[in-house]
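Presented below is the structure to which this report refers.
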Amino acid sequence: MQLSALSIDMWLVVGLMVFTMIMFVWERVRQDVTALLVLVSLGLFGLVPVEQLFDGFAGDAVISVIATMILGAGLDRTGLLNRVAVWLLRKSKGYEHRLVLLSSSVAGVVSSVMQNASVTTLFLPIAARLSTRTGVGLGRLLLPIGASIVMGGCLTMIGSSPLILLNDLLVAANRNLPSGVASLQPLPIFTPLPIGLALLASALLFFRLFGRRLLGSGEDKGVAPGRTDSYFARAYGIEGDVFELTVTSESPLVGMSVLEAESQRGAPLLLALKNGNEARLAPPADQMIWVGSVLGVMGPREDVTGYAQNNMLRLQARLRNFADLFNPSRAGISEAVIPPNSQLIGRTLEELHLRKRLGISVLAINRGSEVFREEIRNMQLRAGDMLVFHSFWRELGMAASRKDFVVVTDYPKEEQRPHKLGHALFAFALALGLALSGEVAVPVALMTGVVGMLLMGVINMDEAYASINWKAVFIMACLIPLGWAVDSSGVANFVAQQTLERFGALPSWALLAILGTLTAGLGLVVSNVGATVIMVPMAINIAISTGANPVQFAVVVALCASNNFLTGSNPVLAMITGPAGYRVRDLLKVGLPLSSVYLIVVLGVSYLMF
């Protein structure tokens, strides 16, 4: 490779690309901070004109992503997916193969018009309910559903972040096209539909033929209020009954804080505290214990009895003070997973004050194959961590609306606005109809649906703001100009010329296969958005240099950016790994052949299309 041919600007762009990859893998700095640093560097070095530097924040891709997130939240507010769960139970009739087929198909179709991470968030509790009611382990449900969500995101141009980005990158490529090359036009919303249908069908067939062999019997991780005792005892060692302990004047607990009391060796789980007439579930760590205070604790009877005797506490097996607080219809134990975009990542429970702020006690943390119950207050949370909560169901639902964790447990909750289902479907259909007409730009069409939901009361403005994953939006908006710089600096053209010199004799399908594999590999490192903004400009230049169809190359690369069934850089996998109990070897055993199928289908169908 003739490195001397690289200009200073090209070296700077390559350096920023390498820096982005290293920082995304290292994870010592948040990904959104890295993306912002790259954006500012592009401006400081003059690699992108200042007047264009922040255009990504107002670009069609970012507006479309925001709109799909709000539309999805509006549909969720009506309880639509709860009705879907009931329908799936009825139609599957208890047969596992039907349940996997129907639930995966529905998840795939839904993901065609919603972001993959949002669909996964909505389907996790549905899968838990289906698993509990049918006895089919979550291990056999979640990977087929997750794979179908990824495949289904390829059905439309708004189903995944890479495809939403693609049109912006195609339009931006026109600034640097060689003379005589026709301008690249934005693609209609259903351009990738044939490829998406083939991908979804291949995923369903793959798990129908090999699912039980690859996933085995699967660990039954389904959880519902009716099964929490046995499940949490088996999985986390959280067992026993609830007792009331009254603090006497001789007790050493007098004058202690809740944190000090529960840090004692052999202390049971402290779930509630009553001081005077005020009884509280999930008492804050700094709340004090006095004479006459009543503790609501959970543990085996013999352990609680021994603790009471050692600390001069009066034990009461019958709940007189906390009967209402511990009513299973109001409160209980639940399980939640930390998604990759959570603001909790990197912070400790001590810093978060979940009991004081949200009324939630954290009883245990499941990380990979390890369960932690002791000294968890100072553990830094990671994406994919499973947290075991005890709380009121109402507080749990309110906290879950912040999107910082996804509740897996099927817990009692009310549908907020079921009477608005018709309005939500009308607004959604209107948005899709306008997008399909071709007369209205896709972002405008989707935002029309958003406005319709707001005006008809399906969702209010505060809920709309809360539904937006601002971290994902910010990363996308900051990295879009990097893709422009890859093209405008000449890096994309340089790579295209080097590719032509070395592989020019290869047929175009072989070049596409190499590009698709490289893009998928890059996506494992820098996420599908990062891989898209880097590889699409290169793919377009390679196609033009070899006389191939640049649109075909761009579409294949954008699709292959989502070809990740191996690592947690795929937000879908990050969210389902913990609840289903998948290990690295499980993901490799399924992910490697599934990734190969994905690439073959994308290449084959794209050739039939273009």
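Out of all the residues in the range 213-226, is one or more modelled with pLDDT of 90 or more and in contact with a helix residue (DSSP H, G or I) (Cβ under 7 Å, 6 or more places away or on another chain)?
There is no residue in the range 213-226 that is modelled with pLDDT of 90 or more and in contact with a helix residue (DSSP H, G or I) (Cβ under 7 Å, 6 or more places away or on another chain).
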Only one of these conditions is not met by Phe503: (1) farther than 30 Å from Phe426 by Cβ; (2) of a type outside the set (Lys, Arg); (3) at pLDDT 90 or above. Which number is it?
-> (3)
Just name the residue that is farthest from Ala400 (Cα to Cα) out of those in the range 47-92 that are polar (S, T, N, Q) and in contact with a Pro (Cβ under 9 Å, 6 or more places away or on another chain).
-> Gln52
Index of the failed condition, Arg265 passing every other in (1) assigned to a helix (DSSP H, G or I); (2) without any contact (Cβ under 8 Å) to a residue 24 or more places away in the chain | (1)
Unmet criterion (only one of (1) under 14 Å from Ile333 (Cα atoms); (2) in contact (Cβ under 8 Å) with a residue 24 or more places away in the chain; (3) open to solvent by less than 80 Å² (accessible area, probe 1.4 Å)) for Ile365 | (2)
Only one residue in Leu594, Leu587, Leu599, Leu603 is open to solvent by less than 60 Å² (accessible area, probe 1.4 Å), modelled with pLDDT of 90 or more and under 24 Å from Thr121 (Cα atoms), so which one is that?
-> Leu594
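Checking the condition more than 30 Å from Pro340 (Cα to Cα) and in contact with a Gly (Cβ under 9 Å, 6 or more places away or on another chain), which residue from Ser545, Ser562 passes?
On the way: Ser562 fails: more than 30 Å from Pro340 (Cα to Cα).
Just one listed residue meets the conditions, Ser545.
To keep it simple, each residue is scored yes or no on (1) modelled with pLDDT under 90; (2) out of contact with any Phe, Trp or Tyr (no Cβ under 9 Å at 6 or more places or on another chain); (3) closer than 20 Å to Gly296 by Cα; (4) open to solvent by 80 Å² or more (accessible area, probe 1.4 Å).
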| position | (1), (2), (3), (4) |
| --- | --- |
| Gln309 | no, yes, yes, yes |
| Ala317 | yes, no, yes, no |
| Ala323 | yes, yes, yes, no |
| Arg330 | yes, no, yes, yes |
| Arg347 | no, yes, no, yes |
| Gln380 | no, yes, no, yes |
| Ala383 | yes, yes, no, no |
| Ser391 | no, yes, yes, no |
| Ala400 | yes, yes, no, no |
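From the residues in the range 570-590 that are among the aliphatic types (A, V, I, L, M) and within 12 Å of the chain's Cα centre (by Cα), which one is nearest to Val25 (Cα to Cα)? Lay out the reasoning, then the answer.
The first filter runs over the range 570-590 and keeps only residues among the aliphatic types (A, V, I, L, M), leaving 572-576, 580, 584, 587-588, 590.
Still in the list and also within 12 Å of the chain's Cα centre (by Cα): 572-576.
Working: Val572: 18, Leu573: 17, Ala574: 15, Met575: 18, Ile576: 21 Å.
The residue in question is Ala574.
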Considering only the range 184-214, how many residues are without any contact (Cβ under 8 Å) to a residue 40 or more places away in the chain and among the small types (Gly, Ala, Ser)?
-> 1
Identify all residues within the range 22-38 that are surrounded by 13 or more Cβ atoms within 10 Å (Cβ to Cβ) and among the basic types (Lys, Arg); write none if there are none.
-> Arg30
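The values are calculated or read from the model by the stated rules, or taken from the named source; none is laboratory data. None of these values were measured; they are calculated from a predicted model. Cβ atoms come from the backbone with ideal geometry, glycine included; neighbour counts cover every protein chain shown. The accessibility values were calculated without ligands, DNA or RNA, using every heavy atom of the protein model including side chains. Shrake-Rupley method; radii C 1.70, N 1.55, O 1.52, S 1.80 Å.
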